[in-house]
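The values are calculated or read from the model by the stated rules, or taken from the named source; none is laboratory data. Computed from a prediction, not measured in an experiment: that's the story for all the values here. Don't worry about glycine lacking a Cβ; one is built from the backbone with ideal geometry, like all the others, and counts go over all protein chains shown.
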């Protein structure tokens with residue numbers, strides 16, 4: 001009966017640990033979710049293609065997401081708009097740059113043979129509660145086309161060429177590539193592609209997920225360790241009892257113990273050592289053990305009210 005109560009007690013402890021851990025996990029997750037909402041990102045980067053004077057197009061400007069005749073392009077007007085708000089009272093330290101990069105490929109665009117970087121704009125060390133970037137850059141498309149032609153003529157080769165326009169926002173000394181436009185510069189008819197990402201917010205979300213996983217792993221390992229320790233101690237106790245069976249006497253009646261001369265032990269091995277060293281027997285009453293030495297009761301497992 002007492003063994004059953006002990007098992008129920010152990011299960012209660014384990015369930016309590018699990019519940020506390022899960023509550024702790026939920027609290028961390030909620031706090032991190034709230035933290036992820038500290039930063040509000042609003043952005044709209046777009047472009048407009050300006051055409052050279054001609055007799056075929058009614059308008060001298062074409063909107064984004066079209067196909068364009070390369071030699072008709074005069075410029076590409078790119079409008080960068082990046083806004084990140086911090087809801088806390090802390091300022092954000094940031095800088096940003098706009099770059100253009102030519103990349104020339106061979107073997108059907110699989111091998112990079114030449115690259116050239118151009119720094120279009122660079123703004124350093126701004127410290128504010130909000131990141132506000134509004135830039136309008138007029139890209140001289142034909143300048144880069146001629147640059148590539150000069151390279152090809154110099155080496156008498158043909159390459160597949162692209163121009164990459166990037167806005168990189170460095171937040172708290174960490175790069176945060178935001179938008180990239182890919183513009184072909186060797187085809188007759190081109191399509192401009194645009195992709196956006198925000199590494200700052202993505203990493204913030206990854207940190208939330210990582211912390212949650214770490215807490216869960218710690219909780220699982222701690223619970224598993226406790227279970228193993230309990231099972232190990234139980235098996236270890238059985239081995240000790242079997243080894244010293246010759247000095248252990250099982251009694252049927254509840255012992256009359258003087259509560260004034262009691263030393264409670266937390267380890268059966270300690271009781272065994274005391275008994276062996278004093279050449280004394282150990283008495284077992286319903287899986288509770290005690291030894292009497294010089295009118296002192298050395299007790300393992302007895303409740304204090306026995």
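Any idea how many residues of segment 49-95 are crowded, with 16+ Cβ neighbours inside 10 Å and without any contact (Cβ under 8 Å) to a residue 24 or more places away in the chain?
Of the residues in that region, 3 qualify.
For residue 284, which of the numbered conditions (1) more than 12 Å from residue 301 (Cα to Cα); (2) surrounded by 13 or more Cβ atoms within 10 Å (Cβ to Cβ) fails to hold?
Here residue 284 clears every test but (1).
Could you figure out which of (1) over 18 Å from residue 79 (Cα atoms); (2) surrounded by 12 or more Cβ atoms within 10 Å (Cβ to Cβ); (3) modelled with pLDDT of 80 or more isn't true of residue 182?
The single condition residue 182 does not satisfy is (1).
Considering only residues that are in contact with a helix residue (DSSP H, G or I) (Cβ under 8 Å, 6 or more places away or on another chain) and touching a residue at least 24 places away in the same chain (Cβ under 8 Å), look in segment 146-177 and name the one that is farthest from residue 112 (Cα to Cα).
From segment 146-177, those in contact with a helix residue (DSSP H, G or I) (Cβ under 8 Å, 6 or more places away or on another chain) are 158-159, 161, 163, 169, 171, 174-177; that's our starting set.
Now narrow it down to the ones that are touching a residue at least 24 places away in the same chain (Cβ under 8 Å): 159, 161, 163, 169, 171, 174-176.
Values: 159: 9, 161: 10, 163: 13, 169: 26, 171: 30, 174: 27, 175: 24, 176: 25 Å.
Per the criteria, the residue is 171.
Of everything in segment 246-266, what is surrounded by 10 or more Cβ atoms within 10 Å (Cβ to Cβ) and in a helix (DSSP H, G or I)? Give them in sequence order.
247
Looking at 156, 172, which one is in the same structural domain as residue 79 (by TED's automatic domain parsing), at pLDDT below 90 and farther than 16 Å from residue 78 by Cα?
Working: 156 fails: at pLDDT below 90.
The conditions single out 172.
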